Structures are given as C-alpha cells and as structure tokens.
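Colleague: Have a look at this one.
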Amino acid sequence: MSSHAFTQLVDTHYASLYRFALSLARNTPDASDLVQQTFFIWATKGHALRDAAKVKAWLFTTLYREFLRGRRRSARATSLDDLPAVKNDVTAEDVDRVAKLDAATVLVALQSVDEIFRVPLTLFYLEDLSYQQIATSLDIPIGTVMSRLSRGKAQLRAALASQDLEGSKIVPFSERRSAQA
Amino acid sequence: MTNEQAKFILSGYRPNGQDTSDPSVVEGLKQAKLDPQLADWFAKEQAHAASIAAKLREIAPPPELRSAILAGSSVSGDGAARSPWARIVGYAAAACLLVALGFLGYRASMDPTQGNRLASFAIRDAHASPHGASGTLTNIVRTALADEALALSADVPIDYEALLDSGCRTVDLDGHDVIEVCFRRSGARVHLYAARMDEFPAELIQGDVKSGRINGMNFVNYTCGELQYILVSEAPLETLLGML
C-alpha cells in the first residue's frame, strides 16, 4: 500500500475508530493507543486483505479485538444474552432530552451502558457499519445484534434520563433564595 | 410480518439512510408506511438515534492523534506508553535476538565482505549519496528503528512487500530488490539494508552474524525470519552490535 493510500485510509477512518475506542476504553490515552494499534496492525497485515469493501469492518473488528486482548476479559459476553427483552419504546421526551444535552454528557451516558450492549450500540450510532457488518465484526448472529441494540438503547435512555434528572437537581443559588423568600 | 417483527428489523436501521436498499429492511420499511402506530414508533426511534449519532460526531479525536498515527509515535504524553510500532518490534526482538546473539562468536576476516555480495554492495551504496526516502510507512519504520530500546535483530515492523510499495528507497542488486532505510540512533547515522534470504542464498546462513570494517564503514550482517539485514555505519562496531 502506498503512503498516500495509507494516509487516506487514516483520514477516512481514524475519527470514527477513535469514537468507538473511546466508548470502549472510556479514556483518551487508551482510546488513542487502540486506534494507533489498529492502524499498526493494518500496516503490518492489512495488505493481505484483498476486498477493499471490507476494510472498514476489518478496522473496527481489529480495534475491538485489541481492546478485548488488552483487557483479557470476554467470558461475560454470552451470559448476558439471557436477559429478558426490553419493552419500553422511545418517547418524545427521550428525543427532546438528547437534543438538550451536550456531546460529553451523551458520551458519559453511553459509556455507562453495559459493555456487551455498548459495543454494538456504539457501532450502530457511528453509522459506519450495517447491522450485518456489526454481526460479522463482533462474530455474533444478526439476531443477537438486534437484541443487544434493543437492550442497549433502553439502557442508554435510562442513563440519559438519569443524567437529565441529575441536571435538574442543580438549582441556581439566586432562584433558591427567591424561593425561600 | 407483524409489527414486533418489523420493530426488530428496523431497530438496526441506521438514521443516515444507508440501509434503505438492504433487502431485509425493505419489508420493515413497507410495513412502517402502512401502519401509523409503527410509523410513529419508527419516527421516534430514528429521531432519537439521529440525535445520539449527531452528538457522537461532535466528539473530536485529540488533535495530535492523526499525526501520531502517521508518524508511528505515541500520543499518551506521559512518556510511559510506547508506540504500538515499538511494542511489536519489541516482542519480535525477543525471538530474533536469541538467534542473533546465539552466534555471538561472529566471524571477522581480513576482508569481511569477501564472498558476500550483499554486504559489499551495502557498504558501497552507503558511501554513495543521496540517501533518504519518503513515505508514511518508511517514516514509521524509521521511527521504530531509532528507538534506543529496540533490538534491531527483530523483524522490520512492516511487511517487506508493503514496504517495497510504500515509496521507500529500493536499490537493485543483480535484479533483486534491496530495501534501505536510514535512521539516526546512538548519535550515529545508520543504514539498514534488507533483502530476502532466498534471493541471496549463498550470502549468509540462517542465524549467522557477520561483521567487520571496510572502507571506513562498519557493518553487521544478520538474519531474522525470511530476511537478512545489513547495518552499515561509521559508528563503532560495538555500537552496531549493541543495536541487535
């Protein structure tokens, strides 16, 4: 691969990969290291990938594997699939709530979602991979992706509502004084 | 298809519309057009997902991350974390160093390059100028090799073929490609030449290390994996051997 092509590859994908890494690692240095490690692996092994259409999924898969490898924990992944399905739907308040929050708050809420659900959920919100590609990247059936997306969304909504609730507890001092008066 | 089935399928529909042509989603979309209740659910789902996606897009990577990836250096900033390139080279070094140093009784003769076309060629080439190569991968390799902590008897941290394609300096010896990367280390300028073992079968046997001095330049010729390497520098021979 030429250096120009490599630079182009980095420019196209590093921001999305970083956001995915940040949702996994929950801190900037580790997320940055994961992204760098992913591109390093690409530089050393990626040339073997003949199908250009699979590059994006390959990068996300590799980053996720590196994350798991670094953390050496994946045993929890299957047991949580037995959780009951979530029934509650998105409300208009949920939509309004997100619009009012800043990106950092949304990220914190996303990072509070159980990892098993957070991984496909982040990939879904990044919009880079289809649910089929997410299934391939995580090596899980499509049905499991849908199920985890559904549960992940419910957890995220709960986390966002909780953030909103915490925010509502902060009352400006001047208002409190006037209320007491 | 029931509404529950449609919801299941549509829950994976990305709000940017990239899945519109996905055959398995098409039916769910049709169903949503026919059923107002499902349509309302879908609209809220999409609005919520689009809103989250937009917030996530606002999160920018650290400004130095891109350049760090291209340069192969670390952005951790605390000095403790090493470049991933360096880490990988370090792992490989452990294996190759055993092979290289296992032959510590390296041979030196009056003409240490006698019978070794590659070493003779490398020393002649190292005297020539200009040297220097460009390209992202070359820069990455150069950065990795310059790391004082790394044993250069490790594999060059780039696939040979990939490096050939990357715009690095390649010299021709009897129709064979020999890669050259220049780097600075221990205060000296060092030229690293790499060639496929099978293209120079008579030069050096696997695990062998040759070194010597000729025409004012020291060289160390060693093997690792499917490649053989020659380090050429004006630096003392001990310095070069210390890099292995």
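Read-outs: derived from the displayed coordinates by stated rules, not from any lab. Since the model is a prediction, treat every value here as computed from it, not as a measurement. Using ideal geometry, Cβ is built from the backbone for each residue, glycine included, and neighbour counts are taken over all protein chains shown.
Colleague: Name the long-range amide H neighbours of residue B:211: under 5 Å, sequence gap of 5 or more, or other chain; modelled H, no Pro or chain starts.
Modeller: Placed amide hydrogens put B:107, B:221 under 5 Å from residue B:211.
Colleague: From other protein chains only, count the Cβ atoms within 10 Å of every residue's Cβ in B:41-51, then give the mean.
Modeller: Mean partner shielding for this stretch: 6.
Colleague: Just check region A:102-141 against the gyration tensor rule for me: Cα atoms, a ≥ b ≥ c as the square roots of the eigenvalues, rounded for a/c under 1.5, and otherwise prolate or oblate depending on whether a/b exceeds b/c.
Modeller: Oblate, because a/c is 1.5 or more while a/b does not exceed b/c.
Colleague: Another question about this same structure. Give me the lysines in straight-line cross-link reach of residue B:55: C-alpha distance below 17 Å, same-chain residues under 8 apart excluded.
Modeller: Excluding near neighbours in sequence, the set is A:100, A:153, B:44.
Colleague: Roughly how crowded by other chains is peptide B:181-187, in terms of the mean Cβ count from those chains within 10 Å of each of its Cβ atoms?
Modeller: Average neighbour count from other chains, rounded to a whole number: 0.
Colleague: For a label point 7 angstrom out from the Cα of residue B:196 toward its Cβ, which stretches of region B:210-244 have the backbone nitrogen within less than 16 Å?
Modeller: Label zone hits: B:224-229.
Colleague: Separate question: Tell me the label-point distance for the pair residue A:8, residue A:104, using the 7 Å Cα-to-Cβ offset, in nm and rounded to one decimal.
Modeller: Once both label points are built, they end up 3.7 nm from each other.
Colleague: How crowded by other chains is B:18-26, given as the mean number of beta carbons from other chains within 10 Å of each beta carbon?
Modeller: 2
Colleague: Once you put a point 7 Å from the Cα of residue B:59 and another 7 Å from the Cα of residue A:139, both along the Cβ direction, what distance in nm separates them?
Modeller: Distance between the two pseudo-spin positions: 2.5 nm.
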